[in-house]
Amino acid sequence: MNNEDLVGLIADARDGCRDSMEQLSVRVQDELYSYIFRLTLNEDLANDIRQETLLQMCRSVKNLQELNRFKPWLFKIAWTKLKNHHRAAKNKKLMSLNDSRNLIDILQSRQVEGLKSLVSREIAETVVLSMEDMDVRQRNALMLRCYENLSYAEIASVMNCTETSARVLF
């Protein structure tokens, strides 16, 4: 589905078409999960936040003014849901050592043999440990810039900060 089809789907969903809303939810759920998982590094939490975000999307899409800014708008909803979870848990880090081991296992789920497996696991552990040490805001800026290819202005919009702050966080 190209961008024009997506904008049409968003417009129809905004106008109350249930089929379009369902198609839109199906269309964005995997990308949304990937974004949230890279922030939380926790499958269960990522699934919960995705569900909450999709529900909020269905409730609020009628208020979306700029259809071509749907993706940053959706990521902002997810980011807000994640911040609310974080606040409720009163936990400074979203990832525990057990969660990092879980991510390593997921990253290793592809069957790679011999030395490649060892090197791949070592790289995965290094990445996870590095991400674990990052502040969640830095991790979010990194994910939005590197994985979602958002501009600094869009990152600033998602994170409710200035464009300069988004650049510094990255």
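The values are calculated or read from the model by the stated rules, or taken from the named source; none is laboratory data. The shown structure was predicted, so the numbers you read here are calculated from the model rather than taken from an experiment. Cβ atoms come from the backbone with ideal geometry, glycine included; neighbour counts cover every protein chain shown. Side chains included, ligands, DNA and RNA excluded: accessible areas come from the protein's heavy atoms. Shrake-Rupley method; radii C 1.70, N 1.55, O 1.52, S 1.80 Å.
What to note about this one:
- The number of residues in region 130-165 that are over 16 Å from the mean Cα position of the chain (by Cα) and small (Gly, Ala, Ser) comes to 3.
- Residue within region 92-99 that is of a type in the set (Lys, Arg) and modelled with pLDDT under 90 present: yes
- Consider region 150-170 and keep the residues that are among the polar types (S, T, N, Q) and crowded, with 16+ Cβ neighbours inside 10 Å. The one that is farthest from Phe75 (Cα to Cα) is Ser165.
- With respect to the conditions (1) closer than 22 Å to Leu144 by Cα; (2) modelled with pLDDT of 90 or more, Glu22 lacks only one, and its number is (1).
- Of all residues in region 7-22, those satisfying the criterion of being open to solvent by 30 Å² or more (accessible area, probe 1.4 Å), more than 14 Å from Leu64 (Cα to Cα) and in a helix (DSSP H, G or I) are Arg18, Asp19, Glu22.
- Pairs where the first residue, in region 131-149, is open to solvent by 50 Å² or more (accessible area, probe 1.4 Å) and part of a helix (DSSP H, G or I) and the second is among the hydrophobic types (A, V, I, L, M, F, W, C) and at pLDDT 85 or above, C-beta under 9 Å, 6+ apart: Arg137/Met159; Arg137/Cys161; Arg145/Ile155; Arg145/Ala166
- Pair list, Cβ < 7 Å and 6+ apart or interchain, from region 60-73 residues that are free of Cβ contacts under 8 Å to residues at least 60 places away in the same chain and in a helix (DSSP H, G or I) to residues that are open to solvent by less than 100 Å² (accessible area, probe 1.4 Å) and of a type in the set (Gly, Ala, Ser): Val61/Ala13
- Filter result for the condition that a residue is part of a helix (DSSP H, G or I), open to solvent by 30 Å² or more (accessible area, probe 1.4 Å), hydroxyl-bearing (Ser, Thr, Tyr) and modelled with pLDDT of 85 or more, over Thr80, Thr53: Thr80
- Set side by side, the residues Ala124, Ala166 differ, and just one is of a type in the set (A, V, I, L, M), assigned to a helix (DSSP H, G or I) and at pLDDT 80 or above, which is Ala166.
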